[in-house]
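S.K.: Here it is, the structure in full.
Bear in mind that the values in this text are calculations on the coordinates, not laboratory data. As the structure is a computational prediction, the values presented were derived from the model and not from experiment. Methodologically, a virtual Cβ is constructed for each residue, glycine included, from the backbone with ideal geometry; neighbour enumeration extends over all protein chains shown.
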Amino acid sequence: MAAKILARDAGKAYPSATGSVPAVEHFDLEVADGEFVCLVGPSGCGKSTFLRILAGLDTLTSGEARILPGADPARPLNNVVFQEYAIFPWKTVRDNVAFGLQMRGLGREERYAVADAWLGKVGLKRFAGYYPAEISGGMKQRVSIARALANDPEVLLMDEPLGALDAQTRAVLQEELLRLWEDTRKTVLYVTHSIDEAVLLGDRVVLMTAHPGTNKADFVVDLPRPRTMKTTATPRFGELTGAVWEALESEVKAAMEAQR
Amino acid sequence: MRGRGAGAEGRSAGAGPGSAAPQPGPAGAAAGAGLLLPLGGLVAATALASVLHLWHGLWWLVLLVDFVLFVGVAEAFERRLPYAGRKTYQKVLAWLFPLLILGAWEALSRTGVLDPRWFPPPTRIAGALWDLTVSYDRFNQSSLLGRPWLIPTRLVHQGWPGVAALFAESHVFATLARVMVGFVLGSLPGILVGIVMGLNRTVRSMLDATMSAIYVLPKIAIFPILMLVFPDPFGEGPKITVVAISAFFLVAISTMAGVQGIEPVLLQAGRNFGANRWQMFRHVILPGAMPIIFSGLRLALGTALIVIVAVEFVRAQRGVGYLIFYNWQVLSTAKMYAALIVVMTLGVLLTTLLQWLERLAMPWRR
């Protein structure tokens with residue numbers, strides 16, 4: 001299958017008073033069209049930085065990282081689901097979901113039709129006229145996911161989208177994400193620090209080293225789809241998470257040492 | 001709660017001038033006693049203070065004791081109310097207490113305890129306010145509201161110029177026009193400059209120190225300079241400008257803070273979803289900074305009222321500030337108080353208008 005995301009020898013260094021501090025170094029990544037790849041690493045390893053670079057919110061200092069455009073030039077390359085509830089408090093749920101379409105100049109009726117369809121898929125149709133302050137954290141993140149999907153980008157970039165939620169809400173949203181992905185088969189790059197989440201959601205888990213982040217290991221998740229929360233109870237799931245943890249443990253310890 | 005009521009009574013016994021103060025009742029007293037004792041204490045303490053001519057030296061102590069006793073009575077009464085009635089009772093209290101103060105003022109002023117020359121009784125102030133409203137001051141050729149009931153006849157006999165003359169004679173219209181025109185002329189550029197300062201670090205570095213320096217300057221201090229600058233020093237130009245300048249800096253600085261306070265992730269989301277410069281401004285930056293912009297506008301409105309009254313003290317033939325100052329000059333204190341009420345009403349009206357605008361502009365904050 002054709003590659004959709006391509007990073008070669010990607011590097012990012014931040015200027016500081018004592019010289020430049022590398023955040024990401026010699027990082028390679030290839031994500032195929034329609035693949036769900038999870039990027040896992042210890043905190044501070046630069047996985048979010050890399051995602052932000054792909055999103056165009058930051059720039060590389062060496063190498064290259066890009067999203068390959070598809071056949072339709074009008075389609076946006078990527079959209080991000082941020083960790084914080086990055087939906088606009090001053091827009092209703094419907095207007096938030098329709099935001100990308102509005103920025104692209106679609107008329108009100110057209111964009112509301114798309115937005116309402118996505119609100120239906122994430123179970124928020126009833127809340128279309130609500131403001132974010134009036135809905136729960138889990139619902140806010142559903143709005144954020146619907147906003148990205150409604151814009152129909154080539155690639156969906158997700159930066160620990162469920163990180164701020166409690167464990168139970170998180171499990172519900174993981175199942176919803178699985179279901180949505182089965183429907184759309186979008187190319188997804190998903191940054192998380194939860195190994196369980198990465199193995200449950202991803203076709204592949206890419207592991208990064210501690211600061212500065214570079215490739216550590218690459219696991220193919222051969223769990224059959226469609227997956228649900230029950231998948232986490234299978235022996236194969238346990239084997240995979242165990243293997244990922246084994247590779248990650250030393251990096252996490254290194255990251256802790258570095259922080260101390 | 002009972003303990004607190006008893007405490008208030010106990011304090012009255014200590015603070016009152018002698019043995020006439022009521023004794024705190026036993027904890028298990030009859031239901032009526034808890035209400036009557038503090039009430040009796042209230043009357044007794046005040047009466048005793050009057051009889052002993054303690055008002056002059058110890059009026060502040062008597063007021064304090066009365067207030068404490070009043071709170072005790074009000075709370076004792078509330079305990080006797082059914083739970084459902086308590087919210088209404090609190091509202092009644094919010095109106096009743098000021099009325100009580102006014103009543104006390106009236107009584108004290110009429111009996112001469114308060115000097116009626118400096119503290120005319122509220123009824124006389126109300127009369128003065130009515131007088132100001134309906135009468136036309138021939139000496140100043142002015143009136144409070146511009147005698148709006150004359151508009152129809154003027155329109156028939158003199159046409160629109162006649163109506164304009166009515167507006168021109170109005171003190172309230174003069175102040176209102178200066179405040180509103182100055183406020184708008186200062187706030188709109190303030191918002192624009194604040195947004196540019198919030199977004200652009202270079203502009204911020206260049207202007208921030210200067211703005212902060214001018215911010216602390218009392219704007220009324222530049223009024224003489226403005227009178228020099230304008231060709232007509234006694235016209236409306238300097239007055240409106242000094243209001244505009246006071247509003248400008250307050251609004252600019254809070255707008256800058258508002259823009260800087262926008263969650264970075266919201267700006268990133270805006271960019272990531274393809275917003276261009278104008279769309280970023282319209283859909284992300286302006287609404288994001290709006291709550292802080294409005295708190296700046298509220299501050300600016302208050303300052304604008306202060307500044308315009310001060311300016312009208314100094315240099316004006318119309319305006320409520322002039323009205324206060326003129327009535328000071330002719331020692332007509334009731335009219336001074338009446339003019340104060342007019343200023344308060346203007347403040348409340350303008351603040352309500354701004355709050356209405358705020359709700360209109362930020363439906364998500366309702």
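S.K.: For the Cα atoms of chain B, what angle does the longest principal axis make with the long axis of helix B:320-329, in degrees from 0 to 90, nearest 10?
M.R.: The angle comes out at about 50 degrees.
S.K.: Given Cα pairs under 8 Å that are at least 6 residues apart, what percent is the relative contact order of the range B:245-346?
M.R.: With pairs under 8 Å counted, the relative contact order is 26 percent.
S.K.: From Cα pairs below 8 angstrom and at least 6 apart in sequence, can you work out the relative contact order of chain A, rounded to a whole percent? Provide the component values of the computation, followed by the final result.
M.R.: Working: 499 pairs, mean separation 69.1, N = 260.
The normalised contact order for chain A reaches 27 percent.
S.K.: Using 0.36 nm per residue, how much length does the chain from B:ASP232 to B:ASN140 gain when fully extended, once their Cα-Cα distance is taken away?
M.R.: Values: separation 92, 0.36 × 92 = 33.12 nm, distance 2.05 nm.
Fully extending the segment from B:ASP232 to B:ASN140 adds 31.1 nm.
S.K.: What angle do you read, to the nearest 10 degrees and between 0 and 90, between the alpha-carbon axis of helix B:33-51 and the longest principal axis of chain B?
M.R.: 90 degrees
S.K.: Give the calculated FRET efficiency between B:VAL92 and B:SER205 to the nearest 0.05, with a Förster radius of 35 Å applied to their Cβ-Cβ distance.
M.R.: Values: r = 56 Å, r/R0 = 1.59.
That gives a FRET efficiency of 0.05.
S.K.: So if R0 is 35 Å, what FRET efficiency would A:ALA71 and A:SER43 give, r being the distance between their Cβ atoms, rounded to the nearest 0.05?
M.R.: FRET efficiency, A:ALA71 to A:SER43: 0.35.
S.K.: I need the shape label for the range B:65-166. Rule: rounded when a/c is under 1.5, else prolate if a/b > b/c, else oblate, with a, b, c from the alpha carbon gyration tensor.
M.R.: oblate
S.K.: Follow-up. Work from the charge dipole of the range A:13-109 (Cβ charges, +1 for Lys and Arg, -1 for Asp and Glu, about the Cα centre) and give the residue of A:ALA23, A:ASN96, A:GLY41 farthest towards its positive end.
M.R.: A:ASN96
S.K.: Take every residue in peptide B:289-302, count the Cβ atoms of other chains within 10 Å of its Cβ, and give the average of those counts.
M.R.: Counting other chains' Cβ atoms within 10 Å and averaging over B:289-302 gives 0.
S.K.: Along the Cα-to-C-beta direction of B:THR351, a point sits 7 Å from the Cα; which residues of the range B:95-126 have their amide N less than 17 Å from that point?
M.R.: B:95, B:98
S.K.: Right, next: Can you give the % of DSSP beta bridges in the range A:151-260 that are antiparallel, to the nearest 5?
M.R.: Expressed as a percentage, antiparallel bridges in the range A:151-260 total about 50.
S.K.: What are the ³J(HN,Hα) values, in whole Hz, obtained from phi via the Karplus relation 6.51 cos²θ - 1.76 cosθ + 1.60 with θ = phi - 60°, for each residue of the range B:59-64 in sequence order, with x given for Gly and Pro?
M.R.: 4, 5, 5, 4, 4, 4
S.K.: Using only the alpha-carbon atoms of chain A as identical scatterers, what base-10 log of I(q)/I(0) does the Debye formula give at q = 0.08, 0.14 Å⁻¹?
M.R.: -0.32, -0.99
S.K.: Counting only residues 5 or more places away or on other chains, whose amide H sits under 5 Å from the amide H of A:ASN151 once H atoms are built in the peptide plane?
M.R.: Hits under the 5 Å cutoff: none.
S.K.: Hey, with R₀ at 30 Å, roughly what FRET efficiency would B:MET362 and A:GLU109 work out to, going by the Cβ-Cβ distance, to 0.05? Please list the in-between numbers first.
M.R.: Details: r = 26 Å, r/R0 = 0.86.
Given R0 = 30 Å and the Cβ-Cβ separation, E is 0.70.
S.K.: In degrees from 0 to 90, rounded to the nearest 10, what is the angle of the helix B:236-260 Cα long axis to the longest principal axis of chain B?
M.R.: Taking Cα atoms only, the helix is inclined about 90 degrees.
S.K.: On a straight-distance basis, which lysines could pair with A:LYS253 in a cross-link, Cα separation under 21 angstrom, same-chain partners fewer than 8 positions away excluded?
M.R.: By straight Cα distance, A:LYS253 reaches A:LYS47, A:LYS216.
S.K.: Got a sec to turn the phi values of the range B:152-166 into Karplus ³J(HN,Hα) couplings, 6.51 cos²θ - 1.76 cosθ + 1.60 with θ = phi - 60°, whole Hz, x for Gly and Pro?
M.R.: 3J(HN,Hα) across the range B:152-166, in whole Hz: x, 5, 4, 4, 5, 8, 10, x, 4, x, x, 5, 4, 5, 4.
S.K.: Right, next: For a quick check: with amide H placed at 1.01 Å from N, whose amide H comes under 5 Å from A:PHE36's, ignoring anything fewer than 5 positions away on the same chain?
M.R.: A:VAL188, A:ASP203, A:ARG204
S.K.: On average, how many beta carbons from a partner chain sit within 10 Å of the beta carbon of a residue in A:86-95?
M.R.: 5
S.K.: Give a residue-ordered list of calculated ³J(HN,Hα) values for the range B:188-199 (Karplus: 6.51 cos²θ - 1.76 cosθ + 1.60, θ = phi - 60°; whole Hz; x for Gly, Pro).
M.R.: Once θ is set to phi - 60°, the couplings for the range B:188-199 become 4, x, x, 5, 5, 4, x, 5, 4, 5, x, 8 Hz.
S.K.: Looking at the protein assembly as shown only, what percent of DSSP beta bridges run antiparallel? Nearest 5 please.
M.R.: Given both bridge residues lie in the protein assembly as shown, the antiparallel proportion sits at roughly 50 percent.
S.K.: How would A:THR228, B:THR153 line up from fewest to most surrounding beta-carbon atoms within 10 angstrom?
M.R.: Sorted ascending by nearby Cβ count, the order is B:THR153, A:THR228.
S.K.: Around A:ALA13, which amide H atoms from residues at least 5 apart in sequence, or from another chain, sit under 5 Å from its own amide H, with H modelled in the peptide plane?
M.R.: Hits under the 5 Å cutoff: A:ALA23, A:THR61.
S.K.: Also, quick follow-up: I need A:LYS121, B:LYS239, B:LYS219 ordered by Cβ neighbour count within 10 Å, fewest first. Walk me through the numbers on the way to the answer.
M.R.: Values: A:LYS121 19, B:LYS239 30, B:LYS219 26.
By the 10 Å Cβ count, ascending: A:LYS121, B:LYS219, B:LYS239.
S.K.: Tell me, what is the percent relative contact order of the range B:100-252, built from C-alpha pairs under 8 Å that lie six or more residues apart?
M.R.: 20 percent
S.K.: Additional query: For a quick check, take a GNM of chain A with Cα springs below 10 Å and name the residue from A:GLY138, A:GLY34, A:GLY70 with the largest mean-square fluctuation.
M.R.: Per the Cα network of chain A with a 10 Å cutoff, A:GLY70 tops the list.
S.K.: For the protein assembly as shown, list log₁₀ I(q)/I(0) at each q in 0.06, 0.11, 0.13 Å⁻¹, using the Debye formula over Cα point scatterers of equal strength and ignoring solvent, two decimals each.
M.R.: The Cα Debye sum returns log10 ratios of -0.59, -1.07, -1.28.
S.K.: About the Cα centre of chain B, how large is the charge dipole given +1 on each Lys and Arg Cβ and -1 on each Asp and Glu Cβ? Please answer in debye to the nearest 20.
M.R.: 800 debye
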